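Trainee: Can you keep this structure in mind? I'll have questions shortly.
The values are calculated or read from the model by the stated rules, or taken from the named source; none is laboratory data. In this text, all values refer to a predicted model and were calculated from it rather than measured experimentally. All Cβ positions, even for glycine, are placed from backbone atoms using ideal geometry, and neighbour counts span all protein chains on display.
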Amino acid sequence: MASCDPKFDLEQAFRKGIAAAISEDAAKADPQIKFSGDPAHGDYQCNAALSIARAIKGNPRDVAEKILAATPLSALGTAEIAGPGFINIKLAQSALQTMLDRVDMDDLGIEPAPLPHAIVVDLCGVNVAKQMHVGHLRSTILGDVVARLHERLGRKVFRENHLGDWGLPIAMTMSALRRQKRDLKSLTLADLNHAYRAAQLEAATDTAGLEAARTRGAGSHRVIELETQQESAIAAEQDAKSTLLKLQSGDVATVAAWQQLIDVTMADVLEIARVLGVRLTNEHSRGESFYRDKLAPTVQSFIDHGLAQEDQGALIVRIAEQERPLIIRKADGGFLYATTDLAAVHYRVAQLHAGEIIYVVDARQRDHFRDVFNAIHLIGWNKLADGTQCKLSHLAFGSVLGTDKKPLKTRSGELFTLKALLDEAIQRGTDQVKLRATQTDSPTQGTTEHEIAAIGRAVGIAAVKYADLSGDPIKDYVFDLDRMIAFEGDTGPYIQYAHARIASLISKSDAADSAISNSAWKFDHPAERALVLAILSFPATIKSAADLGSPQRVCAALHELANCYATFYQACPVLKAPDEATRLARLRLSLLTKRVLAQGLSLLGMDSPNRM
RNA sequence: GCGGCUGUAGCUCAAUUGGAUAGAGCACAAGCCUACGAAGCUUGGGGUUGCAGGUUCGAGUCCUGCCAGCCGCGCCA
């Protein structure tokens, strides 16, 4: 089948040219076909001559001449050499038409690119008894989009919500709740969150402060005050530890209470996922507790392989010459989250047959994952049954900061629970849609309340998600409600708007579907041509976005496409085109643009309403 | 102290992984709805890409050294 990707076709052609003109060896390298930003430089350009010239110590322009002469461009288009040795290519109308035919099919030219093994996407990662705040948005939607991109390319994906449902923090919360004599049955997640924070504060009582107060000879009142605090903290810790023991030994009442906590938490998480349009259900939930029986065997394996050693009572794995080892068992015999992560990798490789595990987790855990990955490599748990190696990747993202440029923690960010942010976004979206629906000349006039609510929700959610997804994940960003819920400019709603406009245009045309889809492509105006090139580059963008884990590439491509369409829409009348052939051709181009926009929005987990 | 990340227009961010004159949005200024949805389009001003060197035909991107901010650094997750 013919390709719909100009870049791909040009790469093929130039590889042949380079092989014939220079050497087979030179042809193995990247032919450096790039999209030209500037129409004056053609549609695409080949920059290979410059680097080849250096390698063979030749004159770049001469090398470019030789390559071009040997390159079978034939029907693809015409080329000329410019500047120090760039080869600028202008694609032929007929070639573009053939490619458009290929894109204008059910799969929109996005061909399956399956992988031999599954991909595990570790996303969301909430903790039991903690409310989701804006920081959790990133892991959840980034992970969801990365999963969608791989799924679209026909790859098997496991979404794994590595829920924090095991260990001391849970026990602390449970013990705090019991001491407050709260009835677990009637608790909301907000209640749990309070208990969790209260428990944390208790445990965090200032030991160092007490020491300092004593040595500095502070007043006895102050010391006693601190001591009292300390005693109650110790008592709370003791209680939490005994609760943990009961939980770990399977005490029926404790386990039941624990399950209650998980249920309350998950109900909230899944509701937020639903509102966010994130594909996450209970079946994707495999919390830390899932690995509890695998921790001791994990540690034993490291001992058996001679990779673990005792150090100050704890069991550690030394990694190369690194100063800080990875602790896999505490001096008191307990396990840590590193142990759980090691067990999880083992499970995912051995049981889920993962060829890649992508951890969509906060950048602050870089060192942790580096150490865990290294330990996995040492013990060889990254090897699959067929001998290939599972790739371990950490898709690290930056923190959401408050206006004080400090991480937006639960304490200071209490007003910004994720739910509050989404509610606000949906409210503003709905208000906006409602406002427009009351204007006399508005296409949404007469829209029912029910439809308005649905559209408002789609617009609000798209705004929030796009704001987060359109940037480089590694960077921190300051949380700004107005920026995240903007509907103008480079935003999600801008793309939705382009889509809705086309939907409206198509419904106004009285042309039969078959008449549109059977019409001949025609694009003479520069705006039409730019639109065509934007459409054709889309499939390759999806593939690279998936392979690089870069949702921002999808956002950028969609913005470019919507922008090209808006320009085209302004410059080229569709329904009132000068002749019938042009009218149908423009309708066909519009329809194809609409489908690509909808596809892109869907990959970002956003709706594409026909009216807004 | 050691390690990591970041530094681009007044603000928020891009830059096809080394390509041509560094691009968008917001804000600001001027235009465009009797041809399709103005959540839009067109035009304009605004830059020593933190600083100093280096590598080469070419550097925001790679290397070295500084500066600033943030993050991490043994038994929490």
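Trainee: Given A:V459, A:V478, which one is β-branched (V, I, T), near RNA strand B (Cβ under 7 Å from one of its atoms) and within 28 Å of A:D362 (Cβ to Cβ)?
Mentor: Among A:V459, A:V478, only A:V478 is β-branched (V, I, T), near RNA strand B (Cβ under 7 Å from one of its atoms) and within 28 Å of A:D362 (Cβ to Cβ).
Trainee: Now for a separate question. Looking only at segment A:333-365, filter to residues that are among the acidic types (D, E) and more than 9 Å from RNA strand B (Cβ to nearest atom); which one of those is farthest from A:D386 (Cα to Cα)?
Mentor: A:D341
Trainee: How many residues does segment A:570-579 contain that are more than 6 Å from RNA strand B (Cβ to nearest atom) and buried (at least 16 other Cβ atoms within 10 Å of the Cβ)?
Mentor: Number satisfying all stated conditions: 1.
Trainee: Spot the failing condition for A:Q432; the list is (1) in contact (Cβ under 8 Å) with a residue 24 or more places away in the chain; (2) more than 9 Å from RNA strand B (Cβ to nearest atom); (3) within 33 Å of the chain's Cα centre (by Cα), and only one is missed.
Mentor: Checking A:Q432 against (1) in contact (Cβ under 8 Å) with a residue 24 or more places away in the chain; (2) more than 9 Å from RNA strand B (Cβ to nearest atom); (3) within 33 Å of the chain's Cα centre (by Cα), the one that fails is (2).
Trainee: Still on this model: Given the residues A:D144, A:D122, which is the only one that is buried (at least 23 other Cβ atoms within 10 Å of the Cβ), among the acidic types (D, E) and within 16 Å of RNA strand B (Cβ to nearest atom)?
Mentor: Residue meeting the stated conditions: A:D122.
To keep it simple, each residue is scored yes or no on (1) touching a helix residue (DSSP H, G or I) at 6+ places or on another chain (Cβ under 6 Å); (2) of a type in the set (V, I, T); (3) over 25 Å from A:A530 (Cβ atoms).
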{"residue": "A:C4", "(1), (2), (3)": "yes, no, no"}
{"residue": "A:E11", "(1), (2), (3)": "no, no, no"}
{"residue": "A:A21", "(1), (2), (3)": "yes, no, yes"}
{"residue": "A:A26", "(1), (2), (3)": "yes, no, yes"}
{"residue": "A:S36", "(1), (2), (3)": "no, no, no"}
{"residue": "A:C46", "(1), (2), (3)": "yes, no, no"}
{"residue": "A:A49", "(1), (2), (3)": "yes, no, yes"}
{"residue": "A:G58", "(1), (2), (3)": "no, no, yes"}
{"residue": "A:R61", "(1), (2), (3)": "no, no, yes"}
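Trainee: Being near RNA strand B (Cβ under 8 Å from one of its atoms) and either touching a Ser or Thr at 6+ places or on another chain (Cβ under 9 Å) or closer than 15 Å to A:L592 by Cα (or both) is the filter here; which residues of segment A:482-496 pass it?
Mentor: Within segment A:482-496, A:D490, A:T491, A:Q496 qualify.
Trainee: While we're here: Does at least one position in segment A:510-525 carry a residue that is within 11 Å of RNA strand B (Cβ to nearest atom) and either assigned to a helix (DSSP H, G or I) or charged (D, E, K, R) (or both)?
Mentor: Looking through segment A:510-525, none of the residues is within 11 Å of RNA strand B (Cβ to nearest atom) and either assigned to a helix (DSSP H, G or I) or charged (D, E, K, R) (or both).
Trainee: Also, I was wondering about something else. For residues in segment A:36-68 being surrounded by 17 or more Cβ atoms within 10 Å (Cβ to Cβ) and within 31 Å of the chain's Cα centre (by Cα), which is nearest to RNA strand B (Cβ to nearest atom)?
Mentor: A:Q45
For (1) touching a residue at least 24 places away in the same chain (Cβ under 8 Å); (2) in contact with a helix residue (DSSP H, G or I) (Cβ under 8 Å, 6 or more places away or on another chain); (3) in the same structural domain as A:S51 (by TED's automatic domain parsing), each residue gets a yes or a no:
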| residue | (1), (2), (3) |
| --- | --- |
| A:A82 | yes, yes, yes |
| A:D107 | no, no, no |
| A:E111 | yes, yes, no |
| A:M132 | yes, yes, no |
| A:R138 | yes, yes, no |
| A:V157 | yes, yes, no |
| A:E160 | yes, yes, no |
| A:D165 | yes, yes, no |
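Trainee: Only one of A:H368, A:H394 is touching a helix residue (DSSP H, G or I) at 6+ places or on another chain (Cβ under 8 Å), under 28 Å from A:T140 (Cα atoms) and either hydroxyl-bearing (S, T, Y) or near RNA strand B (Cβ under 9 Å from one of its atoms) (or both). Can you tell me which?
Mentor: Result: A:H368 is the single residue among A:H368, A:H394 that is touching a helix residue (DSSP H, G or I) at 6+ places or on another chain (Cβ under 8 Å), under 28 Å from A:T140 (Cα atoms) and either hydroxyl-bearing (S, T, Y) or near RNA strand B (Cβ under 9 Å from one of its atoms) (or both).
Trainee: Please specify each residue of segment A:279-331 satisfying the condition of being in a helix (DSSP H, G or I) and closer than 30 Å to A:D607 by Cα.
Mentor: Selection gives A:N282, A:E283, A:H284.
Trainee: Sticking with this structure for a sec: Restricting attention to segment A:559-612, which residues are under 34 Å from the mean Cα position of the chain (by Cα) and among the basic types (K, R)?
Mentor: Answer for segment A:559-612, where residues must be under 34 Å from the mean Cα position of the chain (by Cα) and among the basic types (K, R): A:R588, A:K594, A:R595, A:R611.
Trainee: Quick one: is A:K7 within 11 Å of RNA strand B (Cβ to nearest atom) and surrounded by 14 or more Cβ atoms within 10 Å (Cβ to Cβ)?
Mentor: Answer is yes for this residue.
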